[in-house]
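The values are calculated or read from the model by the stated rules, or taken from the named source; none is laboratory data. Everything numeric in this text was worked out from a predicted model, so none of it was measured. Neighbour counts are summed over all protein chains in view; Cβ atoms, including those assigned to glycine, are modelled from backbone coordinates with ideal geometry.
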Amino acid sequence: MIPGYAKITKVGTTMGQFLKIGVGARSIGMGGAGVASVNDASALYWNPSVIAGFDNRKALASYTDWFLDTELAFTSVILPMGSFGTIGFSFNSLSMGMMDVRTVELPEGTGEQFTAGNLAVGIAYAKKLTNFFSVGFNAKYVRESIWHCDATSIAFDFGSLYKTDNDRLLIGVSVSNFGDKMQFTGKDLRIYYDQDNNESGDNEYIPAYYETSSWDLPLIFRIGLAVNYPEFPIGDIVAEIDAVHPNDNTEQVNLGIEWGLNRILFFRTGYQALFQQNSEQGLTVGGGIRYKLLNSFLNVNYAYADFGRLSAVQRIDIEIEF
């Protein structure tokens, strides 16, 4: 770094920031370390190859109370298809309430209201290539909108998972949000243009549009190493460490551990964004319960994540296996 000059980062240079918000209370309770050991339907977010190892159909609904009265909702369905492989569907949305339209002339409001929101709809496919190695991908439509303007893109997630030592050692790798740039368009960008203010008698109201810049999606590369100790003397233990490389921030490390008691009760803790510059993320804790219903299983999980000077974030999800 040149003396006297601040280090330049790429923070804030991508669109679709909601795609960086982790989903699934289990993985978040483990500090966002989920690329290798994730075992629920939120795997479509962390590493789509993981679903190749699912024997049962799964449906998950996850809710996150995000900052400033915004809410993140994630739902997914996993359908094993035998020798064909496994397919999955997901819907991820960040929403907020209605807001008043204000102008310089009418600072108290024009009487109109607007909202903003983001969504991603995806379809995934994964398959075991061997008993130890699986691959998968997720194709998704991404949209950001505010009032009458929106930006869209098609993006892809790729992942692989390698298991060894009787599934006690797991190595996961994923690339998320590889796709086209996003650019806002819409009627809110329409203006009337006067080509020459000094001329009279010409058309002073030529329809035109502001041209907005296009921005990359938040590309994220993750690699994780997890160790699994089932039937440990004090319960089932899963521990994972993930290295994360985003294209719009500095590198980070996520750490997490899960303790399962009789495969019914689960307690989790972890740490997010270790070594990331100027991070407000930190300690996470969570827990869950697994309950048998006839021939199905019901999983309920909760996670709490500290965000330093910002408000803490809480997540809850419900999954059914059938």
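Every residue, every condition in (1) over 24 Å from residue 149 (Cβ atoms); (2) modelled with pLDDT under 95, yes or no:
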site: 21; (1), (2): no, no
site: 37; (1), (2): yes, no
site: 86; (1), (2): yes, no
site: 98; (1), (2): no, yes
site: 110; (1), (2): no, yes
site: 115; (1), (2): no, yes
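Give the residues of the range 216-236 that are modelled with pLDDT of 95 or more and either of a type outside the set (A, V, I, L, M) or part of a strand (DSSP E or B) (or both), sorted by residue number. Show your work before the answer.
Of all residues in the range 216-236, those modelled with pLDDT of 95 or more come to 216-227.
The answer is 216, 218, 220, 221, 222, 223, 224, 225, 226, 227.
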TODO: Identify the residue in the range 125-161 that is more than 15 Å from residue 19 (Cβ to Cβ) and aliphatic (A, V, I, L, M) and, among all such residues, is surrounded by the fewest Cβ atoms within 10 Å (Cβ to Cβ).
DONE: 129
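Might you let me know whether the range 256-269 holds any residue that is in the same structural domain as residue 151 (by TED's automatic domain parsing), within 25 Å of residue 137 (Cα to Cα) and modelled with pLDDT of 95 or more? Break it down stepwise before answering.
Kept after step one, since they are in the same structural domain as residue 151 (by TED's automatic domain parsing), are these residues of the range 256-269: 256-269.
Now restrict to residues that are within 25 Å of residue 137 (Cα to Cα): 256.
Okay, now just the ones that are also modelled with pLDDT of 95 or more, so 256.
Checking the range 256-269: at least one residue is in the same structural domain as residue 151 (by TED's automatic domain parsing), within 25 Å of residue 137 (Cα to Cα) and modelled with pLDDT of 95 or more.
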Open item on the list: Here's a check for you: in the range 100-128, which residue that is touching a strand residue (DSSP E or B) at 6+ places or on another chain (Cβ under 6 Å) and of a type in the set (A, V, I, L, M) is farthest from residue 47 (Cα to Cα)?
Closed with: 101
TODO: Give 135, 142 a once-over and let me know the one that is farther than 30 Å from residue 239 by Cβ, under 24 Å from the mean Cα position of the chain (by Cα) and touching a residue at least 24 places away in the same chain (Cβ under 8 Å).
DONE: 142
Task: Close pairs (8 angstrom Cβ cut-off, 6 or more residues apart or separate chains): farther than 10 Å from residue 157 by Cβ in the range 45-60, among the basic types (Lys, Arg) and not in a helix (DSSP H, G or I) anywhere - done: 52/127; 52/128; 53/128; 53/163
Task: Failed criterion for residue 203 (all others in (1) in contact (Cβ under 8 Å) with a residue 24 or more places away in the chain; (2) out of contact with any helix residue (DSSP H, G or I) (no Cβ under 6 Å at 6 or more places or on another chain) hold) - done: (1)
TODO: Would you be able to say whether some residue in the range 190-202 is surrounded by 15 or more Cβ atoms within 10 Å (Cβ to Cβ) and assigned to a strand (DSSP E or B)?
DONE: no
Task: Which numbered condition residue 235 misses (of (1) surrounded by fewer than 18 Cβ atoms within 10 Å (Cβ to Cβ); (2) small (Gly, Ala, Ser); (3) within 24 Å of the chain's Cα centre (by Cα)) - done: (3)
